[in-house]
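Readers should treat all values here as calculations from the given coordinates under stated rules, not as data from a laboratory. Just so we're clear, the structure is a prediction, and the values are computed from it rather than from any experiment. Here the Cβ positions follow ideal geometry from the backbone for every residue, glycine too, while neighbour counts run over all protein chains shown.
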Amino acid sequence: MERYSLNVAKREATGKGGARGLRRSGYTPAIVYRGGASLPVQIAAKELSQFINKTAGEQVLVNLELPEGQKQAIVKDYQVDPILGGLLHVDFQEISATEEIEIAVHIVTTGEAIGVKRDKGILQYGIREIDIECLPDKIPGHVTVDVSNLLIGQTIHVSDLKLGEGIRVITEPGKMIVTVTAIKEEVVVAPEVVAVEAVEPEVIKKGKKTEEAAG
């Protein structure tokens with residue numbers, strides 16, 4: 001598992017006003033959780049943004065370098081401005097190298113399924129991440145699933161995953177990760193033809209009336 005370092009300082013300014021002030025000065029507010037306690041911190045926005053962009057979708061260990069010492073942590077969550085795209089806030093979870101941790105890890109698929117490439121099926125996805133429990137140094141950046149040999153009708157479940165020693169999967173074994181399904185052929189129903197009874201045109205008998213008038 002890759003490790004990174006970030007320079008961190010304790011944060012005095014709190015609340016929405018304090019957070020806005022920090023962002024204007026080039027820092028991003030963050031918080032470090034440990035058990036039931038929390039530590040508000042601030043990190044240079046440029047440094048933190050580069051870290052998040054580089055590690056997005058991966059689980060990594062990060063050393064938070066504070067003036068009083070180092071804290072080992074992982075990113076639990078972060079918020080992005082929906083309009084400007086900048087980081088608004090980051091949540092870290094402090095961890096211990098000797099304590100197992102429960103964590104969600106992303107699933108990445110590789111290859112092109114035979115059932116898709118050869119048989120024109122459709123690759124459908126189920127869950128996109130799994131929950132595992134292990135020591136911090138055992139945490140995989142992501143879980144790779146090769147779909148190359150999947151035929152139509154075949155499925156890969158959580159129970160099919162082969163993870164390293166010391167990693168316990170918490171997610172339900174029967175959960176579907178990916179499957180290949182056949183394309184349903186659309187049945188075209190011919191429009192119903194309604195027989196219309198021919199109606200003979202009405203003959204207007206003017207001849208007789210004309211004769212009577214003439215008489």
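Let me check against my output: what whole-number percent is the relative contact order of the range 5-108, with C-alpha pairs under 8 Å and at least 6 apart?
Working: 172 pairs, mean separation 28.6, N = 104.
Relative contact order for the range 5-108 comes out at 27 percent.
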The range 3-95: antiparallel bridges as % of DSSP beta bridges, rounded to 5, reads 70 percent
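If you filter the range 64-134 for trypsin sites (Lys or Arg not before Pro), then keep DSSP loop positions with at most 13 other Cβ within 10 Å, what is left? Spell out each step's value before the answer.
Working: sites: Lys71, Lys76, Lys117, Arg118, Lys120, Arg128; in loops: Arg118, Lys120, Arg128.
Sparse-neighbourhood loop trypsin sites (Lys or Arg not before Pro): Arg118, Lys120, Arg128.
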What number, in nm² with one decimal, is the all-direction average of the projected area of the convex hull of the alpha-carbon atoms of the chain? 27.7 nm²
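On full extension of the chain, what length is gained from Lys46 through Tyr78, given 0.36 nm per residue of separation minus the C-alpha to C-alpha distance?
Working: separation 32, 0.36 × 32 = 11.52 nm, distance 1.49 nm.
Full extension from Lys46 to Tyr78 adds 10.0 nm.
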Simple spin-label model, 7 Å along Cα-to-Cβ: Asp131 to Lys184 in nm? 3.3 nm
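First check a/c for the range 3-95, with a ≥ b ≥ c the square roots of the eigenvalues of its C-alpha gyration tensor; if it is under 1.5, answer rounded, and if not, answer prolate when a/b is larger than b/c or oblate otherwise. Before the final figure, lay out the partial values.
On the way: a/c = 1.56, a/b = 1.15, b/c = 1.36.
Oblate.
What do you get for GluC sites (Glu not before Pro) in the range 82-162 restricted to DSSP loop and a cutoff of at most 10 other Cβ within 10 Å of the site's Cβ? Don't skip to the end; give the middle numbers.
Values: sites: Glu94, Glu99, Glu100, Glu102, Glu112, Glu129, Glu133; in loops: Glu99, Glu100, Glu112.
When the GluC sites (Glu not before Pro) of the range 82-162 are filtered for loop state and at most 10 Cβ neighbours within 10 Å, Glu99 remain.
Suppose R0 equals 35 Å. What FRET efficiency, 1/(1 + (r/R0)^6) with r the Cβ-Cβ distance, do Val60 and Thr155 give to the nearest 0.05? The partial results should precede the final answer.
On the way: r = 30 Å, r/R0 = 0.87.
The computed FRET efficiency comes out at 0.70.
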Enumerate the amide H contacts of Val145 below 5 Å, restricted to partners 5 or more residues apart or on another chain; note that Pro and chain-start residues carry no placed amide H. Val108, Thr109, Thr110
Cross-link pairs Lys16/Lys71; Lys54/Lys138; Lys10/Lys76; Lys76/Lys138; Lys46/Lys76 - those with Cα-Cα distance over 22 Å: Lys16/Lys71
For the range 110-126, Karplus-derived ³J(HN,Hα) couplings (6.51, -1.76, 1.60; θ = phi - 60°; whole Hz; x for glycine and proline) come out as 10, x, 10, 4, 4, x, 9, 5, 8, 9, 6, x, 10, 8, 10, 9, x
If each of Glu94 and Tyr4 carries a label point 7 Å out from its Cα toward its Cβ, how far apart are those two points in nm? 2.1 nm
Under the rule a/c < 1.5 gives rounded, and otherwise a/b versus b/c splits prolate from oblate, where does the range 102-181 land using the Cα gyration tensor? prolate
